[in-house]
Amino acid sequence: VVTPGTAGTQDRAGTAPSDAVVLFDGKDLSNWSADDGKKTKWVVEDGAMLPTKDSGMIRSKGEYGSCQLHVEFMTPTPVEGEGQGRGNSGVFLMGQYEVQVLDNYENTTYPDGQAGALYGRKPPLVNACRKPGEWQTYDIIFEAPRFDAAGKLLRPAYITILHNGVLVQNHFELLGATAWDSPPKYTAHPAKLPIMLQFHGNP
Ligand code: MG
């Protein structure tokens, strides 16, 4: 039996289901470090975690493979910048498969760089963005790739994403890590790795 969590509202987060690993509870960054393993420069403000100038990416101390990941985020107000320069971050499963975070509310960019895209690989099915300053959710179902002892790919990664409850990726097959300027290619990696959140110069 898993007791389901309650739904959130615009000003209050919902609760987690009973079997969840809570990576951030709105209070402290004890489950996170900088991407070099040292203390992160990200801070907690008003129950949210956010990057500071030149803070770099943030990394979970725990390591995860296949998972159901619930993420809550808000893109900044007042709105600044355009295209990829507006509320850009990203959820990096296993530190290398990026679900793009971007303020795409009345903001255009290239298709596979949109919010809910597998960055550089697959545009979202629809744009389900809420306005800047409103809390949004990603519910990500990730199946990690599997490699044999020699590093040969046995099974690719698959990903399904709901953005604010709307399907934006449906069991998409990843062909390797995400990147903006090179084709996908798998490099064998451990079965579990930290989750990382991108610092792209925006709050
Ligand atoms: Mg990004």
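The values are calculated or read from the model by the stated rules, or taken from the named source; none is laboratory data. This one's a predicted model, so the numbers in the text were calculated from it and none came from an experiment. Every residue, glycine among them, receives a Cβ derived from its backbone with ideal geometry; neighbour counts consider all protein chains shown. With ligands, DNA and RNA removed, areas are computed over all heavy atoms of the protein, side chains included. Shrake-Rupley method; radii C 1.70, N 1.55, O 1.52, S 1.80 Å.
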Any hit, the stretch 84-91, residues being touching a helix residue (DSSP H, G or I) at 6+ places or on another chain (Cβ under 7 Å), within 16 Å of the ligand (Cβ to nearest atom) and of a type in the set (Lys, Arg): no
Options TYR119, TYR138, TYR97, TYR110: the member that is open to solvent by 20 Å² or more (accessible area, probe 1.4 Å), within 26 Å of ASN31 (Cβ to Cβ) and within 14 Å of the ligand (Cβ to nearest atom): TYR119
Test: residue in the stretch 10-23 that is modelled with pLDDT under 95 and touching an Asp or Glu at 6+ places or on another chain (Cβ under 8 Å): yes
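Look at the stretch 133-155 and say how many of its residues are at pLDDT below 95 and out of contact with any strand residue (DSSP E or B) (no Cβ under 8 Å at 6 or more places or on another chain).
Count: 2.
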Qualifying positions in the stretch 59-83 - among the polar types (S, T, N, Q) and without any contact (Cβ under 8 Å) to a residue 60 or more places away in the chain: THR77
Single condition HIS70 does not satisfy, out of (1) within 16 Å of the ligand (Cβ to nearest atom); (2) out of contact with any Leu (no Cβ under 9 Å at 6 or more places or on another chain); (3) under 24 Å from PRO145 (Cβ atoms): (1)
Pick from the stretch 141-174, criterion among the small types (Gly, Ala, Ser) and within 20 Å of LEU125 (Cβ to Cβ), ranking: most open to solvent (accessible area, probe 1.4 Å): GLY165
